[in-house]
1. Against the condition surrounded by 22 or more Cβ atoms within 10 Å (Cβ to Cβ), small (G, A, S) and either at pLDDT below 80 or closer than 28 Å to Y620 by Cβ (or both), how does G510 come out, does it pass?
2. If we keep just the residues of region 131-140 that are of a type outside the set (S, T, Y) and surrounded by fewer than 17 Cβ atoms within 10 Å (Cβ to Cβ), which is nearest to A188 (Cα to Cα)?
3. Residues to consider are V490, V486, V522; find the one that is modelled with pLDDT of 80 or more, open to solvent by 10 Å² or more (accessible area, probe 1.4 Å) and more than 23 Å from G653 (Cα to Cα).
4. Within 17 Å of V149 (Cβ to Cβ) and in contact (Cβ under 8 Å) with a residue 40 or more places away in the chain, is that true of F49?
5. Please tell me if Y212 is out of contact with any Ser or Thr (no Cβ under 6 Å at 6 or more places or on another chain) and crowded, with 23+ Cβ neighbours inside 10 Å.
6. In the set L319, L355, L345, which member is modelled with pLDDT of 90 or more and either out of contact with any Cys (no Cβ under 8 Å at 6 or more places or on another chain) or closer than 30 Å to L169 by Cβ (or both)?
7. Please work out which one of (1) within 25 Å of the chain's Cα centre (by Cα); (2) modelled with pLDDT of 95 or more is the condition Q68 fails and give its number.
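The values are calculated or read from the model by the stated rules, or taken from the named source; none is laboratory data. Worth saying up front: this structure is predicted, and the values here are computed from it rather than measured. Every residue, glycine as well, gets a Cβ built from its backbone with ideal geometry; the counts of neighbours run over all protein chains shown. We work out accessible area using only protein heavy atoms, side chains counted, and drop any ligands, DNA or RNA first. Shrake-Rupley method; radii C 1.70, N 1.55, O 1.52, S 1.80 Å.
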Amino acid sequence: MKSTRRLWGWLAVICLLSFSVLLYLGKEIYLAAPPIPTAVVDAGGKVIFTGEQIQRGQQVWLASGGQQVGTVWGHGSYVAPDWSADWLHREALALRDIWARQAYGQPYQALDADHQSLLDGRLRQAMRKNTYDPQSGRITISAERAQAVAQIAAHYEGLYSADPAFDTLRDQYAMTANAVPAANDREALASFYFWSAWSATTDRPGETDKTYTNNWPHEPLVGNTPTAANGLWSIASVVLLIAGIAGMIWYHSARGESESEHIATPAKDPLFNLRPTPSMRATMKYFYVVIGLLLVQVGMGAVTAHYTVEGHSFFGIPLAEVLPWVVSRTIHTQLGVLWIATAWLATGLYISPVLSGYEPKLQKLGVDLLFWALIFIVVGSTAMGWLGSLQHLGTNFSFWIGNQGLAYTSMGRMWQILLFVGLLFWLFLMGRALMPALKNRQTEGRGLIAMVFLSATCIGLFYASSLAWGQHTHYSMIEYWRWCLVHLWVEGFFEVFATAVIALIFSRLGLIRIESANRAIVMETIVFLFGGILGTLHHLYFTGATTAVIAVGAVFSAFEVVPLALVGLEGWHTYRQTRAAPWVENYKWSILCFVAVGVWNTVGAGLLGFSINPPISLYYVQGLNMTPAHGHAALFGVYGMLGIGLMLFCLRGMTARENWEDKWLKPSFWMLNIGLFMMVFFSILPSGIYQAWACVSRGLWYARSPEVIHSPLMQDLVWLRVPGDIVFAVGVCYLGWFALRLIGRRASRAAVPQEM
């Protein structure tokens with residue numbers, strides 16, 4: 001007990017220090033972010049863009065699709081270009097050609113090598129020179145560069161209009177015509193793209209060869225190559241990863257003998273006589289919504305992937321007229337988070353009365369109210385996002401009600417506020433059910449129950465970070481707060497919550513000792529959050545941050561991977577539990593889902609995650625398909641399989657045992673995992689590797705260009721995803737069929753919970 005209290009103390013210290021550093025570096029990002037000028041002027045003082053236009057352009061970009069259609073600074077989707085890299089490359093080519101025609105009377109390509117070399121050196125010097133004046137707030141550029149900027153602005157204004165000359169390019173980018181109907185908004189959008197490219201190629205004040213985005217993206221034309229910090233801190237992260245894994249192995253080896261005490265497995269299922277209460281039975285509908293959302297997500301994923309081949313059509317059907325890429329991808333990514341979160345929320349509501357042996361008054365009513373509130377939020381946010389995108393209802397509608405254009409946090413602000421309120425209500429429902437167990441010092445596993453409630457508290461309260469940015473917030477800070485939400489909410493507190501719930505399940509089944517589980521969960525939480533909290537910064541290397549963010553992010557993202565190196569071994573130990581006693585077979589598929597979580601944690605989160613985390617690696621692969629390879633394997637492989645495993649456990653307790661049919665779960669489990677493996681390793685990862693080669697050899701603009709995206713090899717790799725998608729989709733259908741057959745077969749037992 002004394003040892004566990006000490007661990008809780010260490011956990012509190014680590015969380016306090018880590019969040020303090022995270023907030024401090026957030027302040028540093030705010031202070032060091034690329035300045036938004038009052039105006040961009042040419043050498044004669046003529047205004048080219050105003051600061052208000054740049055800020056308005058950011059809003060227009062987000063309202064027109066934002067991170068769902070291309071990327072800025074590498075964050076978003078990957079069929080359309082990275083607009084920062086695309087503008088930068090186009091402007092560099094245009095400026096160089098203008099100089100060539102002025103000086104030599106012919107285009108750059110017609111010059112000999114010596115003259116080309118002179119212009120190349122002049123280009124790097126001109127593009128990297130910082131002409132921002134802090135006193136006037138103005139950026140001054142040459143008349144020739146102003147001419148180049150006007151050419152590129154005209155290109156983007158045509159692309160976002162209905163100009164038929166851009167139809168082919170729009171089709172390659174999976175964009176709809178007239179994506180930005182108003183001419184002044186198109187001009188503002190161009191100014192935002194200029195500013196994002198200017199930030200990526202202009203040296204910081206007082207720095208040499210280091211831009212506001214730490215020389216990202218890779219662009220040889222202007223000398224954008226990795227900084228020394230990128231290389232050095234990458235080496236440090238690899239060394240620390242090896243040292244961390246060695247330390248973890250030593251720790252486990254040193255404690256292995258004491259931790260391997262044999263525990264006598266109960267002769268009968270301890271939960272056989274569990275009586276589901278009314279509120280527990282009320283959670284069953286949540287799980288059917290989980291399966292429904294998963295089915296819709298799979299369908300939207302198939303449509304979205306196919307748009308990378310046909311642009312606007314689905315096997316010849318002009319589907320994009322009613323379901324454009326921006327909508328299908330938004331639904332696909334948003335529902336991926338929502339169905340997993342719903343599974344975990346329902347699990348929390350289900351187990352709370354079980355853990356305490358107490359059903360609060362009106363608890364079922366609260367569970368029902370929360371269910372319909374979640375349905376309203378999911379349906380409403382999806383419908384309004386679709387309507388706003390299709391009808392181009394403007395920036396205010398998009399921000400407040402429609403689609404904010406931010407990956408994984410796209411729902412309008414009104415829906416975010418309602419979801420935050422819903423999460424607080426969920427926390428209230430869990431807390432009132434768990435409170436008797438938490439107050440009673442004699443409660444078995446009280447520490448584990450406390451961890452479940454604390455992680456639930458963090459889940460509820462930390463979603464407030466989604467409310468931290470506004471319509472006029474600097475893009476660097478939007479990315480800071482967005483990743484604080486996505487990384488810490490999804491990959492942090494939910495992980496702790498689910499791990500504690502699994503430990504409680506296994507301890508109550510008599511498969512592990514409650515004392516060992518209590519200590520192990522606190523220790524695992526310490527190890528995970530030690531790297532996980534500050535590991536958030538690895539998403540922010542190139543979003544206007546300083547070298548300190550690269551250093552801290554590289555170090556702690558390495559520590560974030562350390563515990564994942566041994567999670568696969570933990571999965572093996574979990575699998576052995578299925579043979580502990582004959583009755584454990586009743587929970588076989590839940591346990592195997594937890595085994596799959598261990599495997600995908602090692603492969604998807606560990607190997608694929610660390611392949612992109614070091615700064616030197618992310619410098620070349622940010623914004624390429626290496627990221628969705630890691631994302632698919634980690635999001636579904638880890639969190640999705642975890643949600644399905646918890647769902648099956650809860651459904652088991654609400655279903656008559658004689659009506660449970662494992663024959664449908666076996667093909668579902670294997671098809672989900674095999675299909676995921678096929679889509680990641682046969683299609684997404686190879687395409688990411690090919691793009692990485694293109695980026696290293698010629699620059700990010702090239703890796704994201706139609707020449708690469710629509711090359712025969714990339715198209716073949718897209719089609720190679722189809723077999724895996726089909727296998728995966730059939731696995732989801734098996735899961736849905738299994739759940740449908742359970743309707744009407746719930747256990748009809750007295751509504752008195754048996755404490756776990």
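1. For G510, the condition - surrounded by 22 or more Cβ atoms within 10 Å (Cβ to Cβ), small (G, A, S) and either at pLDDT below 80 or closer than 28 Å to Y620 by Cβ (or both) - is not met.
2. G137
3. V486
4. When the stated conditions are applied, F49 passes them.
5. In short, no.
6. L345
7. Exception for Q68: condition (2).
Results for (1) in a loop (DSSP other than H, G, I, E, B); (2) open to solvent by 10 Å² or more (accessible area, probe 1.4 Å); (3) at pLDDT 90 or above, shown as yes or no for each residue.
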residue	(1), (2), (3)
E585	no, yes, no
V597	no, yes, no
L624	yes, no, yes
P628	no, yes, yes
